[in-house]
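Colleague: Sharing a structure here in structure tokens format.
The values are calculated or read from the model by the stated rules, or taken from the named source; none is laboratory data. The structure presented is a predicted model; accordingly, all values stated were derived computationally and were not measured. Here the Cβ is made from the backbone with ideal geometry for all residues, glycine too, and neighbour counts use every protein chain on show. The protein model used for the area step is the full one, side chains on, heavy atoms only, and it has no ligands, DNA or RNA in it. Shrake-Rupley method; radii C 1.70, N 1.55, O 1.52, S 1.80 Å.
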Amino acid sequence: MHDLDRPYQFETYQNIVESRQNYIVVEAPTGSGKSAYAAQCGNDGHRTMALVRTKSLQEQYSRSYDFKVVKGKGSYECLYNFVPTCDMCRLDEKEDKDKCKMSCPYPNAVHALMGSNLASLNYTKFLTELRPNGLVESYCPRILFLDEAHQLSDIVIEWSGCTIPWNDYLTQYIEPEEIVPDLPQAIGVSYAVDWLGSLAVSLEQNEPHVPRRQPTPEQVKAWKRWDALKRKVDNTLELVDQGTDLWYAQSDEKVGFKLKPLTARFHFKDLFNAPKVVMMSATIGNHSAFLAELGIRENYESIIVPNVWPGVMRPILDLDVPAMTYKATEEDRREHARVIANTINDCPGEWNGLIHVTSKAKARDLGQRLKSLTGRPVWIPDNDMGTEWALTKWLEFDKRHRGALACTWNMHEGIDLPNLNINITAFVPYPDLGDKFEKLRFDFDPRAAQVRVANTMQQEQGRNRRGHESHYGGDADKLNAVADAKWRRLKWAFSSDFIEAIQ
């Protein structure tokens, strides 16, 4: 039993368990205790499974609420068969399987999960285990909690489709002359499915050899690359028969092969199926557009948990700058940087800051301008840095430099920076509409696309306000701002909680 003693927690929990709807959307501010709803359901006897994006979030569920966690087999060392990880283990004899169950961490983790009403998987592991007699079917959750639900559309599309870069590795399975550049959209899907089927057959016939015991590092690397590619291909072939007229196919030397659905509405309900599905996030925005993108038009309930901190205690400044569109001139860019720099210069010199942009080129351009106009040290991620690696390097830079600024395109969500003083959205995070897929996806459902943009921007503004009372009010050492007039076009897509804070 967990105390639901934060404001609105108990009422929200009651609404969840008493609702007769199949789908429930819970929009609740950061720090309001969303994960406690799932914990309380399990402790009240409901078979509960919580899905999260990362392994670290699984560990948080485990530490805070004693959820039993199972990660992908590749995260567990194989102690019985002398291969690096459990995904590579091959057991043929019943005696081998029984000994493995007694000695290896993966089957032990599965056993603990099966015996608990509190289970947590990451999204990839959950989707991998949807096969008949897989872990999900065996566990049979009665209530499925989907954390970070604002990302569900992207999760479904990434899982359902695939992008395969052309490289020397791929030519082991497909002849180079089979590459057809720039497949026309009208005929691309049919051709792409046939091509992908040929690749699947070739992959099945050419699995890299891995010894049952003690493979070399090269053998391990070859098998893991093969396995990742095979799963990607198999997923897409299994799901592409649904709504094929709304898929996008591409093949060119720059991108490689791409086959993806333009919408999640044909796949979400099949992939995330339980008697009760609870979608939770601090940023849902317009609920009807969000749900329509997932194919949900009935049997749902929306719950909006009020923010205990009024908007005046968590202000977001609307800086007077031009709309930073692709038509922006050099004069616009200078004025944009000048206003942001003046806002930063009004802050104490020791305050650090995160400036959110939408591309590497914009990070370099704006970063150099701010360095000149503020005199502060400015850090920009390297091109190949993912979010976690970028965060590590930024924290090292920030520790060494007083009043440092980070100008970055990849730290808008999934990270906690409660000690961050300045947090500015310099460009409204629209997708790159120069990408053919992103343009078609945006045009297919502009409302859903704009909700995704609004949610990303709200996520950016939540990096330094994490629910602790010191993050709010007149004494809080926080400056949050938006420096792109384009946000006003999206007012309808933001949550009322966010609009209340903009000044």
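Colleague: Modelled with pLDDT of 95 or more, open to solvent by less than 60 Å² (accessible area, probe 1.4 Å) and within 30 Å of T163 (Cβ to Cβ) - does that describe any residue in region 466-484?
Modeller: yes
Colleague: Right, A289: within 30 Å of Y13 (Cβ to Cβ) and either open to solvent by less than 20 Å² (accessible area, probe 1.4 Å) or hydrophobic (A, V, I, L, M, F, W, C) (or both) or not?
Modeller: Yes, satisfied.
Colleague: Any idea how many residues of region 30-57 are in contact with a Leu (Cβ under 9 Å, 6 or more places away or on another chain) and outside any helix (DSSP H, G or I)?
Modeller: Looking only at that region, the number is 6.
Colleague: Does region 238-247 contain at least one residue that is among the polar types (S, T, N, Q) and touching a strand residue (DSSP E or B) at 6+ places or on another chain (Cβ under 7 Å)?
Modeller: Taking every residue of region 238-247 in turn, none turns out to be among the polar types (S, T, N, Q) and touching a strand residue (DSSP E or B) at 6+ places or on another chain (Cβ under 7 Å).
Colleague: Give me a count of the residues in region 109-146 that are open to solvent by 60 Å² or more (accessible area, probe 1.4 Å) and either farther than 29 Å from A38 by Cα or modelled with pLDDT of 90 or more (or both).
Modeller: Final tally of qualifying residues: 10.
Colleague: Sticking with this one: Provide a single number: the residues in region 423-451 that are of a type in the set (F, W, Y) and either surrounded by fewer than 16 Cβ atoms within 10 Å (Cβ to Cβ) or assigned to a helix (DSSP H, G or I) (or both).
Modeller: Adding up the residues that qualify gives 3.
Colleague: May I pose another question? Of these, K371, K399, which one is over 21 Å from D432 (Cβ atoms), open to solvent by 60 Å² or more (accessible area, probe 1.4 Å) and in contact with a Leu (Cβ under 9 Å, 6 or more places away or on another chain)?
Modeller: K371
Colleague: Please give the helices (runs of 4 or more DSSP H) falling wholly within region 192-301 in which 3 or more residues are polar (S, T, N, Q).
Modeller: Per the criteria, 217-239.
Colleague: Also: Checking S19 against (1) open to solvent by less than 50 Å² (accessible area, probe 1.4 Å); (2) over 14 Å from R142 (Cβ atoms); (3) over 27 Å from the mean Cα position of the chain (by Cα), which single condition isn't satisfied?
Modeller: Evaluating S19 over (1) open to solvent by less than 50 Å² (accessible area, probe 1.4 Å); (2) over 14 Å from R142 (Cβ atoms); (3) over 27 Å from the mean Cα position of the chain (by Cα) leaves (2) as the failure.
Colleague: Whether any residue in region 343-358 is modelled with pLDDT of 95 or more and in contact with a Pro (Cβ under 6 Å, 6 or more places away or on another chain) is what I want to check.
Modeller: yes
Colleague: Here's another thing I want to ask about it. Quick one: which residue in E301, E350, E388, E331 is more than 30 Å from S470 (Cα to Cα), of a type in the set (D, E, K, R) and out of contact with any strand residue (DSSP E or B) (no Cβ under 6 Å at 6 or more places or on another chain)?
Modeller: E331
Colleague: I'd like to check something: does region 27-50 contain any residue that is touching a residue at least 60 places away in the same chain (Cβ under 8 Å), open to solvent by 50 Å² or more (accessible area, probe 1.4 Å), closer than 16 Å to E148 by Cβ and in contact with an Asp or Glu (Cβ under 9 Å, 6 or more places away or on another chain)?
Modeller: No - not one qualifying residue is present in region 27-50.
Colleague: Further, regarding this structure: Taking the condition open to solvent by 60 Å² or more (accessible area, probe 1.4 Å) and either of a type in the set (S, T, Y) or part of a helix (DSSP H, G or I) (or both), does W487 pass?
Modeller: Answer is no for this residue.
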